[in-house]
1. Mind sorting out which of (i) 1.00; (ii) 0.97; (iii) 1.07 is the real Rg/Rh (Cα atoms, Kirkwood Rh) computed from the coordinates?
2. With charges set only on the Cβ (+1 for Lys and Arg, -1 for Asp and Glu), what does the dipole of the range 225-289 come to about its Cα centre, in debye to the nearest 20?
3. Under a plain spin-label model, where a point goes 7 Å from the Cα along Cα-to-Cβ, how far apart in nm are Met107 and Glu335?
4. Positive end of the dipole of the chain, charges at C-beta (+1 Lys, Arg; -1 Asp, Glu), about the Cα centre: which of His265, Val241, Gly205 has its Cα farthest in that direction?
5. Could you size up the charge dipole of the chain around its Cα centre, putting +1 on the beta carbon of Lys and Arg and -1 on that of Asp and Glu, and report it in debye to the nearest 20?
6. Roughly speaking, what is the stretch gain from Thr55 to Ala266, that is 0.36 nm per residue apart minus the C-alpha to C-alpha distance, in nm to one decimal?
7. Sorted by packing (mean other beta-carbon atoms within 10 Å per residue), highest first, where do 267-274, 320-327, 138-145, 92-99 land?
8. Assuming R0 = 35 Å, what is the FRET efficiency of Ala99 and Ala258, from their Cβ-Cβ distance, to the nearest 0.05?
Amino acid sequence: MSLRGAALIAGLLILPMPAMQANAQSESFDAYMQTVASHARAQGVSEATIGRMLTGLAANPRVIALDTSQPGSQSATPPPLAPYLAQHLGASIISRGQARYAQLAPMLPAIERRYGVPAPILFAIWGHETNFGSYVGDFDLARSLATLAWEGRRRDLFEGELIALLKMVDRGVPPEKLKGSWAGAFGYPQFLPSVYLRLAVDGDGDQRADIFSNSADTLASIANYFRDAGWRPGEPWGVRVSLPAGLRPETFATKLSAPTCQKVHARHSQWKTVGQWRALGVMPQASIGDGVLASLFQPDGPGTPAYLLTGNYRVILQYNCSNYYAMSVGLLADEISH
């Protein structure tokens, strides 16, 4: 979850303490922390870290309130994309992204060569997650993750992330840096602890993966995430297209059922090569090879902007499974690169 979304929820919806008691397991918080300590010990976490990080924790009712009051996505018709883009692609974030891109230009070619991911995509993720590091969250991560694990609805997920956080401390990450969103994401790219352990990398050769304050490490770590998720070098995330009169995108509705994020992927068409789309009169407005596979996406209906989306768009969706998020990332990257 991006901090932007968590901050919005935190500002609007706060439930009283009884909501936490209603959702919590019968086991006391302190007793559950002993269980977590046992599980962490079995995974090789040091006694010093277990004592330092788990002793004295108390459940945070605000975290439970924020988690239980998240709005659902029950609407059969998704909201239009255009208002979201207008809100998240304003002149301020574009100009700030372009300025940061110019400032850090000397380090970017090496990162692009190493990971095969265009630097503007990395900046777009950084921008959307924390506005280039200007807000990263101030919740105590150990307390937030312990609270969410104890509450119980997604215990396996959050207990795993809490133990991963302890492993970060064993790896040398200073505990005082472990602040972030109420949902457990942290740093410039808003990684979860398990993602940090697996994919955070040293981008400047100082033998540390500092995504809390180091731009090189942040960009390299996002690039490593995207490479791991299957980014295809040399392909765009997508391109704007013009549609011929009479073409109905619903004619090409997908017949596949995605294993994850089904509602998101169901809005994309069947896969065809760009050459096949051209033969149907779909004209790309930017460079893209005729052999590239792409799906057609016209999120706001007839007469509104349409796009061909490549497999790299689906890589962006692995960072945050939302068409609104992925489209805004791709379009922000395009603006930053101009």
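Laboratory data are not the source of any read-out in this text; all were calculated from the coordinates shown. Predicted model only: the values in this text are computed from it and were never measured. Cβ coordinates were reconstructed from backbone atoms using ideal geometry, including for glycine residues, and neighbour counts include every protein chain displayed.
1. Given (i) 1.00; (ii) 0.97; (iii) 1.07, the calculated one carries the label (i).
2. Values: 9 positive and 3 negative charges, 21 e Å.
The calculated dipole for the range 225-289 is roughly 100 debye.
3. 2.4
4. Val241
5. Values: 28 positive and 26 negative charges, 146 e Å.
Charge dipole, the chain, about its Cα centre: 700 debye, nearest 20.
6. Details: separation 211, 0.36 × 211 = 75.96 nm, distance 4.62 nm.
Separation in residues times 0.36 nm, less the Cα-Cα distance, equals 71.3 nm.
7. Values: 267-274: 17.4, 320-327: 20.9, 138-145: 22.5, 92-99: 15.5.
Those peptides, ordered most packed to least, come out 138-145, 320-327, 267-274, 92-99.
8. Numbers: r = 37 Å, r/R0 = 1.06.
The value I calculate is 0.40.
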